[in-house]
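Peer 1: Okay, here's the structure, questions in a sec.
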Amino acid sequence: MKKLRLILGDQLNEQHSWFSEVNDQHFYVIMEMRQEAGYVLHHIQKLVGFFAAMEQFAAMLQSKGHKVIQLQFDDPENTGDLIKNLSHLIAKNQIEQFEYLLPDEYRLDAQLKSFAEKAPVPVIAFDSEHFLTSRNDLEDFFAGKKQYLMESFYRMMRKKWKVLMEGSEPAGGQWNFDHDNRQKMDADVKLPPKSAVNSDVSVVYKRIQDAGIESFGKIKPDEFMWPLNRIQALQVLEEFIAFRLPLFGTYQDAMTDRDAFLFHSRISFALNVKLLHPMEVITKCVEDFHKNPGRVSMNQLEGFVRQILGWREYMRGIYWMKMPSYANLNFFNHNRSLPDWFWNGETKMKCLQHSIGQSLEHAYAHHIQRLMVIGNFALLAGLSPDELDGWYLGVYIDAIEWVEITNTRGMSQFADGGIVGSKPYTSSGAYIKKMGSYCDGCHYDHKIKLGAKACPFNSLYWHFHARHREKLERNPRIGMMYRTWDRMEDSDKKAILDQAEKHILALNHL
Ligand SMILES: Cc1cc2nc3c(=O)[nH]c(=O)nc-3n(C[C@H](O)[C@H](O)[C@H](O)COP(=O)(O)OP(=O)(O)OC[C@H]3O[C@@H](n4cnc5c(N)ncnc54)[C@H](O)[C@@H]3O)c2cc1C
Ligand code: SF4
């Protein structure tokens, strides 16, 4: 039977059972679509990363004997629209059955479901064979519960997949080693070597430019550092295990302008487009731990495993449980536009200058920059979650809605009112000072709340809590903060709130 099989840009899973046999009646279609390039304004490295990896995936399938239809931007047959292209290819090639892999984005899932209802041939959807949970597992696990605690989901996953377990007990005697992790990085800590992964993506870059696709951010097309195929993805993983995993947990939350990546793995893009499988990542790390006793301590390994086996699967479950309404949640009714410096990094606040600057330069920021610098500022300043989602979805190489929106709207903006987190992640300048080196040499002073040199985080922190008191003061994890506020003199409170208002009025000039 003649089959057309769709492969989307984040479905580059070479190990999928689809590819276990070569059949010249099976046509795999991989297309560059304007609808995907333009649903949000993307960083140029994100566009290039996806389209170059798709091109390499198509070439790999062809080299193994599979029949591949590739539609690139400059192909006259390419309408740029998923459904129009599929309808055309089905008719042109006398296709008898259309098959697709379940998409991870709600938008594409809905589009393909609706196509299936009126398609001229039978349609079958297949699992993407990537995740360690199915779409509804998390919802089933938390059925009847008011709170969706990541920690309990993670422990279930450890037991289910027998990861870091000794019988029914957690290896090392604890589920969580956070208290050993999350240290500040001293200036003399030796950073890991730069990744050796590098590609020339000039051809793909030119095709995107010629097609007139709008983008932002920087790129060096002859020095592209994101992995574009499985060999490169495995290399990034090997480099992580060799040089970064030994200190991953220790410096997981550290912030410094010495480097963009520190001890982070940089595998999110490879994982999210499915060049890597989450279990192979975990298995390789655990195997190394056993093969080389003492090289990596349990706190580093467990801290890393939790991100993949816990947070990543948890966020996906929340997405499928709560979409599509999740995308409109705005618990605090924040609606202020993003300051201009989100697009150029030109702010006097050194923490934001560096975190946004490296996002524009590398299409990457590590977790604590996304959460406690950029997200924290956005929340305190009352920026619109819609605009912010658009920015996060566009700027990061690894941004796909299921993992972007749950992290941005949920974890970082608390716009879901507490589905993902039990309290908003906010801090004054003190936390940023404690965890990093940004405050040294900043135009502002992290110790000061008032005046021209006052760190904006300090007054905005109180302004946020004061303006949302009704919604937050009954939260047991925040109550203490209101008691501190209430003990302040009225005149001090007024001065702080006035200072915050000044910052808010001058967001573009901070
Ligand atoms: C506001 C905000 C937006 C984010 N947007 C995205 C996004 O669009 N895409 C994305 O993949 N991650 C996102 N994250 C999660 C996390 O910041 C990135 O996965 C991580 O920074 C990627 O870099 P890395 O591969 O070096 O990760 P590492 O720090 O080395 O972590 C290893 C892996 O764990 C997984 N992971 C870690 N934290 C999370 C998390 N909170 N949720 C899901 N997976 C996690 C990722 O797959 C990551 O590659 C976001 C976090 C925040 C706070
Ligand atoms: S002083 Fe304030 S604005 Fe400057 S780096 Fe520190 S936290 Fe950021």
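The values are calculated or read from the model by the stated rules, or taken from the named source; none is laboratory data. These numbers come from a predicted model, not from an experiment. Here the Cβ positions follow ideal geometry from the backbone for every residue, glycine too, while neighbour counts run over all protein chains shown. These accessible areas exclude ligands, DNA and RNA; they are computed on the full protein's heavy atoms, side chains included. Shrake-Rupley method; radii C 1.70, N 1.55, O 1.52, S 1.80 Å.
Peer 1: Tell me, what % of the accessible area of region 1-89 is carbon and sulfur with a 1.4 angstrom probe?
Peer 2: Using a 1.4 Å probe with all protein chains present, region 1-89 comes out at 49 percent carbon and sulfur.
Peer 1: Per residue, how much accessible area does region 3-126 have with a 1.4 Å probe, in Å²?
Peer 2: Heavy-atom SASA per residue in region 3-126 reads 39 Å².
Peer 1: Can I ask one more? log₁₀ I(q)/I(0) of region 3-126 at q = 0.11, 0.17, 0.19 Å⁻¹, via Debye over equal Cα point scatterers, no solvent, to two decimals?
Peer 2: -0.35, -0.89, -1.14
Peer 1: Counting only helical runs of four or more DSSP H residues, what would the 222 nm mean residue ellipticity of the chain come to if each run contributes -39,500 (n - 2.57) and the total is spread over all its residues?
Peer 2: It comes out at -11500 deg cm²/dmol, rounded to the nearest 500.
Peer 1: Once you charge only the Cβ atoms, +1 for Lys and Arg and -1 for Asp and Glu, what is the size of the charge dipole of region 1-89 about its Cα centre, to the nearest 20 debye?
Peer 2: Result for region 1-89 is approximately 200 debye, rounded to the nearest 20.
Peer 1: Right, something else. Take the Cα radius of gyration of region 435-495 and divide it by 2.2 N^0.38 Å, with N its residue count; two decimals is plenty.
Peer 2: Here the Cα radius of gyration is 1.28 times the empirical estimate.
Peer 1: Continuing with the same structure: Any idea how far the Cα center of region 195-212 sits from the one of region 1-57, in Å?
Peer 2: Region 195-212 and region 1-57 have Cα centres separated by 17 Å.
Peer 1: For region 114-168, build the convex hull from the C-alpha positions and give me its volume per residue in Å³.
Peer 2: 132 Å³
Peer 1: Please give the per residue accessible area of region 332-484, computed with a probe of 1.4 Å over protein heavy atoms only, in Å².
Peer 2: Each residue of region 332-484 exposes 34 Å² on average to a 1.4 Å probe.
Peer 1: Right, another one. Tell me the carbon and sulfur percent of the accessible area for region 462-510, rounded to whole percent, probe radius 1.4 Å.
Peer 2: Answer for region 462-510: carbon and sulfur cover 51 percent of the accessible area.
Peer 1: Another question, then. Just report the Cα centroid separation between region 335-383 and region 64-79, whole Å.
Peer 2: Their Cα centres are 38 Å away from one another.
Peer 1: With only Lys, Arg, Asp and Glu charged, each at its Cβ (+1 for the first two, -1 for the last two), find how big the charge dipole of region 186-249 is about the Cα centre; round to the nearest 20 debye.
Peer 2: 100 debye
Peer 1: For region 237-326, what is the relative contact order in percent, using Cα pairs closer than 8 Å and at least 6 residues apart in sequence?
Peer 2: Across region 237-326, relative contact order equals 34 percent.
Peer 1: Follow-up. Given N residues in region 340-509, what is its alpha carbon radius of gyration divided by 2.2 N^0.38 Å?
Peer 2: Taking the Cα Rg and dividing by 2.2 N^0.38 Å, one obtains 1.01.
Peer 1: A further question follows. Average projected area of the Cα convex hull of the chain, in nm²?
Peer 2: In nm², the orientation-averaged hull projection of the chain is 25.1.
Peer 1: Still on this structure, I have one more. With a cut-off of at most 15 other beta carbons within 10 Å, and DSSP calling the residue loop, which trypsin sites (Lys or Arg not before Pro) in region 400-453 qualify? Please list them.
Peer 2: LYS447, LYS453
Peer 1: In whole percent, what relative contact order does region 3-126 give with Cα contacts below 8 Å and a gap of six or more residues?
Peer 2: In percent, rounded to a whole number, it is 31.
Peer 1: Hey, with R₀ at 25 Å, roughly what FRET efficiency would ARG477 and GLU214 work out to, going by the Cβ-Cβ distance, to 0.05?
Peer 2: 0.05
Peer 1: Where the only charges are on Cβ atoms (+1 Lys, Arg; -1 Asp, Glu), what is the dipole of the chain about its Cα centre, to the nearest 20 debye?
Peer 2: Once rounded to the nearest 20, the dipole reads 1240 debye.
Peer 1: Right, another one. Find the relative contact order for the chain and round it to a whole percent, using C-alpha pairs within less than 8 Å whose residues are 6+ positions apart.
Peer 2: This gives 16 percent for the chain.
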